[in-house]
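Q: Below are the structure tokens for one structure; questions will follow.
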Amino acid sequence: MQIVAGVDLGGTAVNYTLVNGEEKFLIEGLCEHPALSKQGPDVCLQQIQDGLAVAVAKAGVLLSDIVAVGLDTPGPASGSGVLSARGSTNFVHPDWAGYDIRANLADRLAKPVTYLNDGNAGALWGHFTLFGGDSRETSLSAIIGTGLGGGVIVNGNVVIGRKGFGGELGHVLIPYQSIIAIQGLEPECNCGRIGCLESVCSLTAIERSFSALFSGPLSSP
């Protein structure tokens, strides 16, 4: 049996899916494992490996049946899976900066690993779910979660971009001063810039930029 594993690495959890040669999903519903991303690459990659063992046991198959792994993570990262020199948006440990997560996971699992950022991976899944595997439609996705991802699909292919930033809507700078009526707000993004769309439109933005502003009692109109 030949199986491809999908690994979705987020800030707090890793989600797994297993697909066989007939494109049949072998796990019903979510298969989730703690990510521990904030504890750095060594701990997190061990979590990915441990969770994959749980996933194959749940599906009733063997680790040796997995012939390839598809990995996605939050950006910013290159198209080949090297995280930004500032680290990933939601992995705050300093050792993530400039880390080649694709190559290191491939070495750890001793299996070929392909990489997309999570926005592109979500966009690809949504595209094929809506239009089918043989579609030649064009689609654009914006995906709000811990961060803000996005993706562009043209002729069934992900637009990765020269540096892996194709469809990376979260790090588009916006004129936040003119559209947010809050005096003194300077929304800082984890990428280091002020005013990225993700810094005002994500769960991270609520925690970092807005929670302190609205933590007190609301005044009557």
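The values are calculated or read from the model by the stated rules, or taken from the named source; none is laboratory data. All values derive from a computational prediction rather than experimental measurement. Note that we place each Cβ from the backbone using ideal geometry, even for glycine, and neighbour counts take in every protein chain shown. Side chains are part of the model used for accessible areas, which takes the heavy atoms of the whole protein and leaves out ligands, DNA and RNA. Shrake-Rupley method; radii C 1.70, N 1.55, O 1.52, S 1.80 Å.
Q: Just to make sure I understand: if all protein chains stay in place, what is the order of 118, 134, 107 by accessible area at 1.4 Å, largest first?
A: Working: 118 55, 134 145, 107 120 Å².
The most accessible residue leads, giving 134, 107, 118.
Q: Using alpha-carbon pairs under 8 Å, 6+ residues apart, how would you state the relative contact order of the chain in percent? Could you put the intermediate results ahead of the total?
A: Values: 442 pairs, mean separation 31.7, N = 221.
Computed value for the chain: 14 percent relative contact order.
Q: Let me ask something else. Count charges around residue 14 for me, please; just the other residues with Cβ under 10 Å from its Cβ, Lys/Arg as +1, Asp/Glu as -1. Could the numbers behind the result be given before it?
A: Numbers: positive: none; negative: 8, 32, 50.
With Lys, Arg at +1 and Asp, Glu at -1, the neighbours total -3.
Q: Follow-up. Within 12 Å, Cβ to Cβ, of residue 170, how many net charges do the neighbouring residues add up to if Lys/Arg are +1 and Asp/Glu are -1? Walk me through the intermediate numbers first.
A: On the way: positive: 193; negative: 118, 168, 198.
That sum, taken over residues with Cβ under 12 Å, equals -2.
Q: For region 136-188, which whole percent of the accessible surface, found with a 1.4 angstrom probe, sits on carbon and sulfur atoms? Walk me through the numbers on the way to the answer.
A: Working: 1740 of 3270 Å².
Answer for region 136-188: carbon and sulfur cover 53 percent of the accessible area.
Q: Additional query: Calculate the spin-label point distance for residue 193 paired with residue 42, positioning each point 7 Å from the Cα along the beta-carbon direction, and give it in nanometres.
A: For the pair residue 42/residue 193, the computed spacing is 3.4 nm.
Q: Please identify every one of the trypsin sites (Lys or Arg not before Pro) in region 72-124 that sits in a loop by DSSP and has no more than 16 other beta carbons within 10 Å of its own beta carbon. The partial results should precede the final answer.
A: On the way: sites: 86, 102, 108; in loops: 86.
Qualifying residues, ordered by number: 86.
Q: Under a plain spin-label model, where a point goes 7 Å from the Cα along Cα-to-Cβ, how far apart in nm are residue 114 and residue 185?
A: Computed distance between label sites residue 114 and residue 185 equals 4.0 nm.
Q: Something else: Roughly how many Å² is the accessible area per residue of the chain, as a whole number, for a 1.4 Å probe? If you can, show how the numbers build up before the last one.
A: Details: 11740 Å² over 221 residues.
So the chain comes to 53 Å² accessible per residue, rounded to a whole number.
Q: Answer with a single label: of (i) 12.6; (ii) 15.8; (iii) 14.3, which was calculated as mean projected area of the Cα convex hull in nm² from the structure in view?
A: It is the one labelled (iii).
Q: Once you list every other residue whose beta carbon is under 14 Å from the beta carbon of residue 154, what net charge do they have if Lys and Arg are +1 and Asp and Glu are -1? Let's see the in-between values first.
A: Details: positive: 136; negative: 137.
Here the count lands on 0.
Q: If you plug each phi of region 52-61 into the Karplus form 6.51 cos²θ - 1.76 cosθ + 1.60 with θ = phi - 60°, what whole-Hz ³J(HN,Hα) values come out, in order, with x for Gly and Pro?
A: Result, ordered by residue: 5, 5, 5, 5, 5, 5, 5, 7, x, 10 Hz.
Q: Exposed loop sites here are GluC sites (Glu not before Pro) in DSSP loop states with at most 10 other C-beta atoms within 10 Å. What is the longest stretch of the chain lacking them? Kindly include the intermediate steps, with their values, before the conclusion.
A: On the way: sites that count: 22, 23, 28.
Value returned for the longest uninterrupted segment is 29-221.
Q: Using just the helices of the chain, give the 222 nm mean residue ellipticity in deg cm²/dmol: DSSP H runs with n ≥ 4 each add -39,500 (n - 2.57), and the total is spread over all residues, rounded to 500.
A: Numbers: 4 runs with 46 residues, N = 221.
Rounded to the nearest 500, it is -6500 deg cm²/dmol.
Q: Rank 87, 20, 53 by how far each Cα sits towards the positive end of the charge dipole of the chain (+1 on Lys, Arg Cβ; -1 on Asp, Glu Cβ) and give me just the farthest.
A: 87
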